[in-house]
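Asks: I am attaching a structure below and will ask some questions about it afterwards.
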Ligand SMILES: [Zn+2]
């Protein structure tokens, strides 16, 4: 298969690919994955129970948020269907927060957690100064919020994309210099 990563049509298909098609999308394959993800997130409840309904809601919230973030990145109007999903989710019940010596403790069921996530997403999406970007690595479709000083981040994350791009560039330089040496000898 021949691909041309610089062609406009390819760029289009990359941009319109649903987040579920990305490697990140496959991380949430079943309700148990969602329970683990919530437990692992700082600032979310330690334990929630996901059933098929809340799991489907989480997936549609993720797809809709991704679409809206992409709309922001591409400076186009928000997709009405995705707005409806995120706004409806944000209108639901919210988790309880408590302050203690250990900091903030949040409790609530998964529906409340999704509502909280939708609200947080709205705050970012409504912020004209938020630097939303699409990852610079070809093949990665993630959109991320660049909070770095001067907003100079290029990749969604160093572990998954930044280091891969840097390692590939290093290998390319090594190959180029090896070829140059080969010619010189
Ligand atoms: Zn990436």
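The values are calculated or read from the model by the stated rules, or taken from the named source; none is laboratory data. Quick caveat: nothing in here was measured; it's all calculated off a predicted structure. Glycine gets a Cβ as well: all are built from the backbone with ideal geometry, and neighbour counts include every protein chain shown.
Asks: For residue 178, are the conditions met, namely being within 16 Å of the ligand (Cβ to nearest atom) and exposed (fewer than 11 other Cβ atoms within 10 Å of the Cβ)?
Replies: On the way: within 16 Å of the ligand (Cβ to nearest atom): no; exposed (fewer than 11 other Cβ atoms within 10 Å of the Cβ): yes.
When the stated conditions are applied, residue 178 does not pass them.
Asks: Given the residues 39, 69, which is the only one that is at pLDDT 85 or above and out of contact with any helix residue (DSSP H, G or I) (no Cβ under 8 Å at 6 or more places or on another chain)? Give the steps one after another, and end with the answer.
Replies: Details: 69 fails: out of contact with any helix residue (DSSP H, G or I) (no Cβ under 8 Å at 6 or more places or on another chain).
Only one candidate passes the filter, namely 39.
Asks: For the range 146-166, what are the residues that are crowded, with 17+ Cβ neighbours inside 10 Å and in contact with a strand residue (DSSP E or B) (Cβ under 9 Å, 6 or more places away or on another chain)?
Replies: Here is the first cut: in the range 146-166, the residues crowded, with 17+ Cβ neighbours inside 10 Å are 153, 155-156, 161-162, 165.
Those that are crowded, with 17+ Cβ neighbours inside 10 Å and in contact with a strand residue (DSSP E or B) (Cβ under 9 Å, 6 or more places away or on another chain): 153, 155, 156.
Asks: Tell me, which residue of the range 103-129 that is in contact (Cβ under 8 Å) with a residue 24 or more places away in the chain and part of a loop (DSSP other than H, G, I, E, B) is surrounded by the most Cβ atoms within 10 Å (Cβ to Cβ)?
Replies: 108
Asks: Separate question: Identify, by number, the condition in (1) modelled with pLDDT under 90; (2) over 18 Å from the mean Cα position of the chain (by Cα) that residue 107 doesn't meet.
Replies: So the condition that residue 107 fails would be (1).
Asks: Any idea how many residues of the range 163-175 are free of Cβ contacts under 8 Å to residues at least 24 places away in the same chain and within 16 Å of the ligand (Cβ to nearest atom)? Steps first, please.
Replies: Residues of the range 163-175 that are free of Cβ contacts under 8 Å to residues at least 24 places away in the same chain, as a first pass: 163, 166-175.
Those left that are additionally within 16 Å of the ligand (Cβ to nearest atom): 163, 166-169.
Matching residues across the range 163-175 total 5.
Asks: Also: If the requirement is being within 24 Å of the chain's Cα centre (by Cα), outside the structural domain of residue 51 (by TED's automatic domain parsing) and within 16 Å of the ligand (Cβ to nearest atom), which of these qualifies: 150, 139? So that I can check it myself, show each step before the final result.
Replies: Values: 150 fails: within 16 Å of the ligand (Cβ to nearest atom).
Selected residue: 139, the only one of 150, 139 that is within 24 Å of the chain's Cα centre (by Cα), outside the structural domain of residue 51 (by TED's automatic domain parsing) and within 16 Å of the ligand (Cβ to nearest atom).
Asks: Now, a different point. Tell me whether the range 76-97 contains one or more residues that are part of a strand (DSSP E or B) and either assigned by TED's automatic domain parsing to the domain that holds residue 43 or under 20 Å from residue 34 (Cβ atoms) (or both).
Replies: Checked against the condition, which is being part of a strand (DSSP E or B) and either assigned by TED's automatic domain parsing to the domain that holds residue 43 or under 20 Å from residue 34 (Cβ atoms) (or both), the range 76-97 yields at least one hit.
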